[in-house]
Amino acid sequence: MGNVDLRSILTIALFASALRMATPIIFATMGGIFSSHTGIFNVGLEGMMLIGSFFAVYGSVQTGSAYGGLLYAIIACLVVSLLFAVLHLELKANPIIVGLALNIFAVGMTNYLLTALLEVYGVYKTDLIVGFNELEIPLINQIPILGKLISGHFPLVYFSFVSVYIVYLILYKTPFGFHLRAVGEKIDAAESIGVNTKKMKYYGLLVSGLFCAFGGTFLSLSYLTLFSEEMTAGRGWLALAAINFGRMRPVPSLMACLVFGFADALAVRLQQFGLPSQVVLMLPYIMTVIVLFISAIIAERRKKSSLKKGEEDVEFSPS
Amino acid sequence: MVLKKELMNKKQNNHAWREKLTNILAQFANYLLILIIALVIGALVMYLSGRDPISAYGALWEGAFGNGYRFADTLDRSTIMILAGIAGSIAFRTNIINLGLEGQLYIGAFTAAWVGFTFTNLPSIVHIPLCIIAGILGGALWTLPVLYLKLRWKIPELVPTLMLNYIAIRLTDYLIAFPFRDPTAPMAGSPLVAASARLPKLIKGSTINIGFIIAIVLIFISYWFIFKTKVGYEMRMVGLNQDFAAAAGLPVKKSIILAMLMSGGIIGLGGALMILGFFGRFLGGFSSGYGWDGFMIAIVAQNHPFAVFPAALFFGALANGALTMQSVTGVPQAVVAMVKGTLVLFVTVKIFLENIRKGLKKWVM
């Protein structure tokens with residue numbers, strides 16, 4: 001433990017794996033951003049992603065293709081998020097409790113199906129699961145350091161980063177995004193200009209389900225091609241912290257996701273250096289609390305400085 | 001004139017009484033309906049995956065209540081459920097969503113176990129209370145970081161409490177893997193607690209012990225505390241509307257601190273009772289989600305201590321019955337987690353209750 005050299009830890013491979021570890025968190029974060037902008041804090045991301053992971057594996061075995069798995073995951077997650085939406089929007093259930101119950105329900109459901117459908121306990125791993133292949137990007141993979149960092153990832157890694165930009169475009173550059181954000185910020189105003197607020201909330205929840213399907217599929221069909229109990233391991237919650245840090249804006253939230261991805265990758269790396277796994281595996285969770293702490297400090301500073309300037313409305317729109 | 005007034009009073013009393021009856025009946029019918037929905041969904045899942053739901057539920061019932069010993073074991077299992085449910089209720093009453101029950105349970109269990117195996121020459125009458133106090137303190141103090149973040153930096157407790165679960169589980173895993181490892185333990189675990197720290201059993205042939213009585217007593221204490229004391233009143237008011245409570249001069253900060261510490265302390269007590277009463281040593285991963293059960297029980301019981309008891313008994317019966325169900329019929333016990341999840345999903349649905357109340361009014365009024 002004493003002779004751990006910093007240079008042997010901070011390798012290119014570590015940063016490359018940080019990008020990979022950040023991927024599922026980025027997907028969940030982008031999904032969560034959508035529902036947050038309609039005023040629904042979606043605490044069910046964790047459970048939805050878990051359901052996505054399970055059905056991705058199941059679909060991959062059924063169809064013999066990773067993209068088939070993705071399709072199964074998308075259908076399952078959309079069904080579950082529709083259930084969430086109906087319970088909250090039609091039957092008036094409290095969204096926080098629905099989300100939390102959904103997480104518990106998802107653990108029960110995936111564990112049940114694991115045993116009842118696939119007839120294993122704990123972990124399902126066979127050669128029948130078809131995962132994604134790594135994507136070598138021509139030309140870029142020739143560049144010495146950058147090639148190692150950027151090329152050779154799974155397609156969903158690239159897509160997660162592209163999705164950040166897409167989410168940004170939709171939210172801030174389209175009328176749809178404007179209406180969606182209006183629902184969360186000033187629901188009365190949104191209604192007065194003729195926005196169907198309930199419909200927007202449906203969209204918000206369904207889109208977060210869609211993103212969770214991508215996140216879940218990445219977890220079970222890319223680096224690892226297996227499903228294990230509760231394999232999301234709190235990533236849906238890290239996403240909530242990232243949304244909080246970025247105050248619902250896609251790009252700043254992405255920064256927090258990268259920090260979490262790095263902490264995850266570092267934890268795996270440090271285990272190889274003989275540090276007790278129990279201790280280093282705390283790292284991502286401690287990092288989450290620290291990120292929340294930092295974002296609270298930033299928020300307070302911003303508030304103070306804007307008070308000094310004499311601005312009246314401190315809590316203005318987060319865009 | 002006087003007679004008329006008296007008559008009107010009587011009529012009004014009668015009316016109020018009927019209103020109350022309608023409410024109680026509506027609540028009861030609502031719970032019955034939700035329970036049926038949850039059980040039907042469980043049955044549907046079993047049926048769709050090619051299992052026989054009727055024999056599965058039969059085995060579940062048999063496992064939970066089949067004979068006196070099984071019933072006693074179910075009561076023993078509901079001990080932790082009661083404590084977890086009350087811990088959740090007290091936090092929710094003050095509008096704190098304590099998702100960290102699981103982590104607080106682990107820390108409380110470990111600190112109790114530590115006192116249990118470190119001190120070996122104490123009489124039971126001293127040793128058991130010491131262990132229990134250690135468990136309460138462990139669970140309560142584990143909430144301090146969250147309180148600091150919430151009160152000083154206004155960070156909602158939702159995510160930090162949850163993160164501390166993962167941290168607590170890994171921390172205790174570390175403690176029993178290295179500093180306090182007992183190589184003779186069947187699984188990763190701490191040394192056995194001294195015999196003087198073990199809780200006396202109530203019946204031979206069952207695991208039920210005085211922990212159950214402690215839990216029952218705590219139901220009454222928490223009822224008295226929440227509804228009959230000034231501090232409990234303040235906490236409820238803060239829970240109903242924090243801004244209003246602050247404007248009325250109620251001690252908001254104090255109420256939040258107290259609620260969080262009590263919530264953590266009570267689930268820590270639950271951890272202590274499990275170690276001293278059931279396991280006899282701290283075992284890695286000993287809790288099969290009791291913190292989450294507590295969260296669900298509190299919601300199902302709508303944070304009322306007296307309602308926590310039947311809910312906890314139901315959850316305890318599901319937990320014990322599921323083991324028998326799995327071994328007899330081969331239906332995976334995870335199905336009960338779906339039943340529980342469905343129950344919680346539908347308890348918060350307000351529309352059923354409103355409609356049932358409307359329907360009942362025609363009958364009772």
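Laboratory data are not the source of any read-out in this text; all were calculated from the coordinates shown. This one's a predicted model, so the numbers in the text were calculated from it and none came from an experiment. Reconstructed Cβ throughout: ideal geometry from the backbone, glycine too, with neighbour counts over all protein chains shown.
How far apart, in nanometres, would the label points at A:L118 and A:Y172 be if each is projected 7 angstrom from Cα along the Cα-to-Cβ direction?
Result for the modelled spin labels: 3.9 nm.
Mind listing which trypsin sites (Lys or Arg not before Pro) in region A:190-222 are in a DSSP loop and have 13 or fewer other Cβ atoms within 10 Å? Walk me through the numbers before you get to the answer.
On the way: sites: A:K198, A:K199, A:K201; in loops: none.
Answer in residue order: no site qualifies.
Quick one: Debye curve from the C-alpha atoms of region B:52-330, no solvent, what's log10 I(q)/I(0) at q = 0.08, 0.13, 0.16 Å⁻¹?
Listed by q, the Debye log ratios stand at -0.33, -0.86, -1.21.
Rounded if a/c is under 1.5, else prolate if a/b beats b/c, else oblate: with a ≥ b ≥ c from the C-alpha gyration tensor eigenvalues square-rooted, which is the protein assembly as shown?
Values: a/c = 1.43, a/b = 1.19, b/c = 1.21.
Rounded, because the longest to shortest axis ratio a/c is under 1.5.
Where does helix B:350-364 land angle-wise versus the long Cα axis of chain B, in degrees 0 to 90, nearest 10?
50
If the cut-off is 18 Å between C-alpha atoms, which lysines fall inside it for A:K304, apart from same-chain ones fewer than 8 positions away?
The qualifying lysines are B:K154.
Run the helix sum for chain B: -39,500 (n - 2.57) per DSSP H stretch of 4+ residues, divided by residue count, reported at 222 nm to the nearest 500 deg cm²/dmol.
Numbers: 15 runs with 275 residues, N = 365.
My calculation for chain B gives -25500 deg cm²/dmol from helical runs alone.
Based solely on its DSSP helices, what 222 nm [θ] is calculated for chain A when runs of n ≥ 4 H residues each add -39,500 (n - 2.57) and the sum is averaged over all residues, nearest 500 deg cm²/dmol?
Numbers: 14 runs with 222 residues, N = 319.
Value at 222 nm, helices only, nearest 500: -23000 deg cm²/dmol.
Rank the residues B:V308, A:V86, A:V289 as a footprinting-exposure proxy: fewest other Cβ atoms within 10 Å of their Cβ go first. Display every interim value, and only then the final one.
Details: B:V308 31, A:V86 14, A:V289 19.
Listing B:V308, A:V86, A:V289 from fewest to most nearby Cβ atoms yields A:V86, A:V289, B:V308.
Any chance you could check the Cα centroid distance between region A:178-223 and region B:16-33 for me, in angstrom?
Region A:178-223 and region B:16-33 have Cα centres spaced 38 Å from each other.
Which residues' amide hydrogens lie under 5 Å from the amide hydrogen of B:F286, considering only partners 5 or more residues apart or on another chain, with H built in the peptide plane?
Sorted by chain and number, the residues that satisfy this come to none at all.
Could you let me know the centre-to-centre spacing of region A:75-137 and region B:223-273, using Cα atoms, in angstrom?
Here the answer is 36 Å between Cα centres.
Please state the shape class of chain A: rounded when a/c is under 1.5, otherwise prolate if a/b exceeds b/c and oblate if not, all from the C-alpha gyration tensor.
Working: a/c = 1.69, a/b = 1.19, b/c = 1.42.
Oblate, because a/c is 1.5 or more while a/b does not exceed b/c.
Not counting the cut sites, what is the longest span of chain A without chymotrypsin sites (Phe, Trp or Tyr not before Pro) that DSSP labels loop and that have at most 12 other Cβ atoms within 10 Å? Don't skip to the answer; put the middle values down first.
Details: sites that count: A:Y121, A:F316.
Here the longest segment lacking exposed loop sites spans A:122-315.
Taking the alpha-carbon distance from A:K186 and a cut-off under 15 Å, which aspartates and glutamates remain once sequence neighbours fewer than 8 residues away in the same chain are dropped?
A:D313, A:E315
Student exercise: in region B:227-361, how many lysine pairs 8 or more apart or on different chains have Cα atoms under 25 Å apart? Working shown, then result.
On the way: B:K228/B:K253; B:K228/B:K254; B:K230/B:K253; B:K230/B:K254; B:K340/B:K350; B:K350/B:K358; B:K350/B:K361.
Here the count comes out as 7.
So what does the Cα-only Debye profile of region B:89-133 read at q = 0.17, 0.19, 0.32 Å⁻¹, as log10 I(q)/I(0), no solvent term?
Treating every Cα as an identical point scatterer, log10 I(q)/I(0) equals -0.59, -0.66, -1.05.
As I understand it, the value is the acute angle between the Cα axis of helix B:158-177 and the longest principal axis of the Cα atoms of chain B; what does it come to in degrees, rounded to 10?
20
According to the square roots a ≥ b ≥ c of the eigenvalues of the Cα gyration tensor, what is the shape class of region B:82-175, taking rounded for a/c under 1.5, prolate for a/b larger than b/c otherwise, and oblate for the remainder? Don't jump to the answer; show the numbers that get you there.
Working: a/c = 2.50, a/b = 1.81, b/c = 1.38.
In terms of gyration-tensor shape, prolate.
Taking chain B as the reference, fit the longest principal axis to its C-alpha atoms, fit the long axis of helix B:290-300 to the helix C-alpha atoms, and give the angle between the two in degrees, 0 to 90, nearest 10.
Rounded to the nearest ten degrees, it is 0.
Report, in order of residue number, the helices in chain A meeting two criteria: a C-alpha extent of 20 Å or more along the helix axis, and a mean Kyte-Doolittle hydropathy of at least -1.0; treat each whole DSSP H run as one helix.
On the way: long enough: A:12-37 (36 Å, 1.27); A:45-63 (26 Å, 1.05); A:66-85 (28 Å, 2.23); A:95-116 (30 Å, 1.60); A:155-173 (26 Å, 1.61); A:197-221 (36 Å, 0.76); A:250-271 (32 Å, 1.32); A:283-308 (37 Å, 0.78).
Within chain A the helices that satisfy the rule are A:12-37, A:45-63, A:66-85, A:95-116, A:155-173, A:197-221, A:250-271, A:283-308.
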